[in-house]
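Q: The following block contains the structure, expressed as structure tokens.
Throughout, read-outs are computed from the coordinates displayed, never taken from laboratory work. This one's a predicted model, so the numbers in the text were calculated from it and none came from an experiment. Glycine also receives a Cβ, built like all others from the backbone with ideal geometry; neighbour counts cover every protein chain displayed.
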Amino acid sequence: MKTLLLTVDALRADHLGQYGYERDTMPVLDDLTGAGTRFESAFANGTYTRISVPSFQTSRYLAYENLDASRKLAPTLEASGVETAVIGTQTGIGLVHGGFEYGETLDLGRDENFDEANADRPVTELIGYRVNKVATWLSQQLQRRGANGLYEALRRPYRKLYPETPFEHSGYTEAEAVTDRVIDWFEAADREEFFLWVHYMEAHRPYGVHDDDPAYLDGPVDPDRIYDLMETAGTDPDAVSAADRRLMTDLYDSDIRYCSRHIARLFDYLREKGLWDETNLLFSSDHGEEFYDHGNYFHRNYPYDELLHVPLLAKRATDPTGGATVTEQRQLLDLAPTICQFHGLDPGEYGFQGTPLFEGGSREVVALGQPNDRDPAVAVRHDGWKYIDTGDGEELYDLTADPDETENVLADNPDVASRLTRCIPESVFERDVEDPRQPEDDVDREQLEALGYMELREEEES
């Protein structure tokens, strides 16, 4: 059996034509809806990569805390004779101790856009960014050791010297290069049984730096204009004008369309080599993306649906029928048990918290987050309601009447909130919210920085 999992970082479902969007941003996905199943209500279990990727690689909520203690998908398959590999760019590998233990890992890193975006920054800003890295590490050490008095004594003068959070631009290898490398992987050997995970980054910031022919703009945008817009959105979201928000949306959508072109090349290759019909193919994302829906950009907020609702499509090699839609809730925790089942393994033997996608009814989706490094947040989405514990308060949304989650109706529905709270495992409330580890060397630090996890944390003044 052959299985291919494709994920596109930061891709929200409602920016796809297959999920009702007015733009046909990813026409290649019609190949999957026509030959497989579209899961209409699929949700990530974390609002950003560091939580979400470990959760769907292990089918456990808190795997990022200690990946070594969790059963991982790749080595489980390897033990049964399935060859495994991951190909992509800044896939979240290395964000937690232990790694995901694929048989082959091909991380293509970042291209020249990262260096170009950060090259002309003021010297004072670069110094502040480097100083802050040391300060962030020191503050974590003091807090872990309970030295709160010393921490407070140092924090106040430091914040006077560096009152704002420095911003570093992200970077990643474009979809064209990723697809080329995937095709090379297939060309290198004739594999009877494999699981290959391919991760694209085109929906992640910075938008619009790789495509010379953006689908929803008259032409390419000057990179400096893009970098300035990304920085403003990341550091002062209220300052982004309505026109600039539309530009960001056009850039984002154009990147998705660009990614679609290169996934289409991969699909054409699979057909040409006779692999399409005999390969299970899953498509999803690790989380969504914000466009000021709740006051922020990128993926830095509470577990609202713009960050949790992800596309999920599945084509099964053993089922040639297609065009089906499942409206009941599914979650990314369901990926690992589904893939194991594809390869003849019994998911019930491995302690997964998810269920195979084609089994069971609607899931009670629990999702974790830690917006802008504030208190840890947890949400549960079930039966038309969304409950969020923000760490210092509670929110409840009636998703049928208010799908955009704009009116907190907790006060009028305390019984609903109480019922949903019981769906959340107690261990989730007690979780460790600090970075899973410090970078081991400069290369490792670059991997973390590329996804924004080493950006300076802004401490709130007490």
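Q: How large is ³J(HN,Hα) for each residue in the stretch 275-282, as worked out from phi by the Karplus curve 6.51 cos²θ - 1.76 cosθ + 1.60 (θ = phi - 60°), to whole Hz, x for Gly and Pro?
A: Using θ = phi - 60°, the values come out as 9, 4, 5, 9, 10, 5, 10, 10 Hz.
Q: What per residue convex hull volume, in Å³, do the alpha-carbon atoms of the stretch 209-351 yield?
A: Spelled out: Cα convex hull of the stretch 209-351, divided by residues, is 164 Å³.
Q: Out of every Cα-Cα pair in the stretch 1-90, what percent are more than 15 Å apart?
A: It works out to 70 percent of all Cα pairs.
Q: Ala177 to Leu150: FRET efficiency via 1/(1 + (r/R0)^6), r the Cβ-Cβ distance, R0 45 Å, to the nearest 0.05?
A: E between Ala177 and Leu150, to the nearest 0.05, is 0.45.
Q: Per 5 Å bin, what percent of the C-alpha pairs of the stretch 253-302 does each bin hold, from zero upward?
A: 5, 15, 16, 18, 15, 11, 8, 7, 5, 0
Q: Provide the packing ranking of 352-358, 235-241, 304-310, i.e. peptides ordered by the mean count of other C-beta atoms within 10 Å per residue, highest first.
A: Taking the mean over residues of other Cβ atoms within 10 Å, the ranking is 304-310, 352-358, 235-241.
Q: Work out how much length Asp238 to Val409 would gain on full extension: take 0.36 nm times their residue separation and subtract the Cα-Cα distance, in nm to one decimal.
A: 59.0 nm
Q: Moving on to the next point. What list of ³J(HN,Hα) values in whole Hz, one per residue of the stretch 189-206 in order, does the Karplus curve 6.51 cos²θ - 1.76 cosθ + 1.60 (θ = phi - 60°) give from phi, with Gly and Pro shown as x?
A: The phi angles translate into 7, 9, 9, 6, 9, 7, 10, 10, 9, 10, 10, 9, 10, 5, 8, 8, 5, x Hz.
Q: In whole angstrom, how long is each semi-axis of the equivalent ellipsoid of the stretch 226-289, when you take the square root of 5 times every eigenvalue of its Cα gyration tensor and sort them from largest down?
A: Semi-axes, largest first: 36, 12, 8 Å.
Q: Right, next: Going by amide H atoms built from the backbone, whose H comes under 5 Å of the H on Leu312, apart from near neighbours?
A: HN-HN under 5 Å from Leu312: Phe39.
Q: Residue by residue through the stretch 229-245, which ³J(HN,Hα) values in whole Hz follow from phi under the Karplus form 6.51 cos²θ - 1.76 cosθ + 1.60 (θ = phi - 60°), with glycine and proline marked x?
A: Computed from phi, the couplings for the stretch 229-245 are 5, 4, 5, 4, 4, x, 10, 8, x, 5, 7, 6, 6, 4, 5, 5, 5 Hz.
Q: Which entries in the list Lys315/Lys386; Lys72/Lys273; Lys273/Lys315 go over 22 Å, if you measure between the two C-alpha atoms of each?
A: Lys315/Lys386; Lys72/Lys273
Q: Amide H of Glu202: which non-local residues (sequence gap of 5 or more, or other chain) have their own amide H closer than 5 Å, using H built in the peptide plane?
A: Asp9
Q: First measure r as the distance between the Cβ atoms of Ala189 and Glu272, then evaluate 1/(1 + (r/R0)^6) with R0 = 25 Å and state the FRET efficiency to the nearest 0.05.
A: Plugging the Cβ-Cβ distance into 1/(1 + (r/R0)^6) gives 0.90.
Q: How much net charge surrounds Phe43 when only other residues with a Cβ under 9 Å from its Cβ are counted (Lys, Arg +1; Asp, Glu -1)?
A: Charge balance in the 9 Å sphere: +2.
Q: Stretched out fully, how many nm does the piece from Asp319 to Asp30 gain, at 0.36 nm a residue minus the Cα gap?
A: 102.3 nm
Q: Can you list the residues, at least 5 places off or on another chain, whose amide H is less than 5 Å from the amide H of Gln331, using H built in the peptide plane?
A: Phe43
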